[in-house]
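**Q** First, the structure itself, so that you have it in front of you.
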């Protein structure tokens, strides 16, 4: 139980309430067991305080936890909502300013917490780490809400679609590449503690490399989902009926 504070057990109740709320509870799990039930399971695994205790001492475990609650669970929810009738989806039209802010918030949750100047202090503080975890979950759900509505609009030009998609994914890809290509950036003195949590010994370079790979894969998965979800623009159809040329007798469309 080293590194796992006693009050952390109290977090399990709000986690259970949160998971039931975002995934629709037992009714939702029965209606869409693969998507809503899967999202609930992923959220439950990723939000576990026991995972915090190990992830605070490992770059790749931190990136894995982020991928679960910041990417995979919201993606499953997004697909679930896409299968619901429009009247039950519960999405409202989001303005441009909201889309900009959700992209900033989603990217900040990746970039700011991975800054070498802040990373170690934030990882050493269990309370700050727990707050970060909840912020990641909320920002992921917010992105899911905005993306769900934006993807279903057929009037969005392709240029704007790609701008939104790249705005979400590109910052995370860049951070992932930084982790992949850089020498060890973080003095993770807790690598010895990882062994106590059953993770085993791992070099700092490999730890950071795996974290970067996970971050890149998560961002590319999100980009793929966003492109799959986007509807193609509906071609405009001329409402005027066919006309008959009085001289040639040829019938031509509107």
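**Q** For residue 127 and residue 228, compute 0.36 nm times the residue count separating them, minus their Cα-Cα distance, and round to one decimal in nm.
**A** My answer for the length gained is 32.6 nm.
**Q** Can you divide the C-alpha Rg of the stretch 124-187 by 2.2 N^0.38 Å and report the result to two decimal places?
**A** Ratio of Cα Rg to 2.2 N^0.38 Å: 1.52.
**Q** If r is the Cβ-Cβ distance from residue 213 to residue 31 and R0 is 41 Å, what FRET efficiency results, to the nearest 0.05?
**A** Working from the Cβ atoms, E equals 0.75.
**Q** Going by average Cβ neighbours within 10 Å, how do the peptides 163-173, 123-133, 52-62 rank, with the highest at the top?
**A** So the order, starting with the most tightly packed, is 52-62, 163-173, 123-133.
Read-outs throughout are calculated quantities, based only on the coordinates presented, and are distinct from any laboratory measurement. Keep in mind that what you see is a predicted model, and the values were worked out from it rather than measured. So basically every Cβ, Gly included, is an ideal-geometry build from the backbone, and we count neighbours across all protein chains shown.
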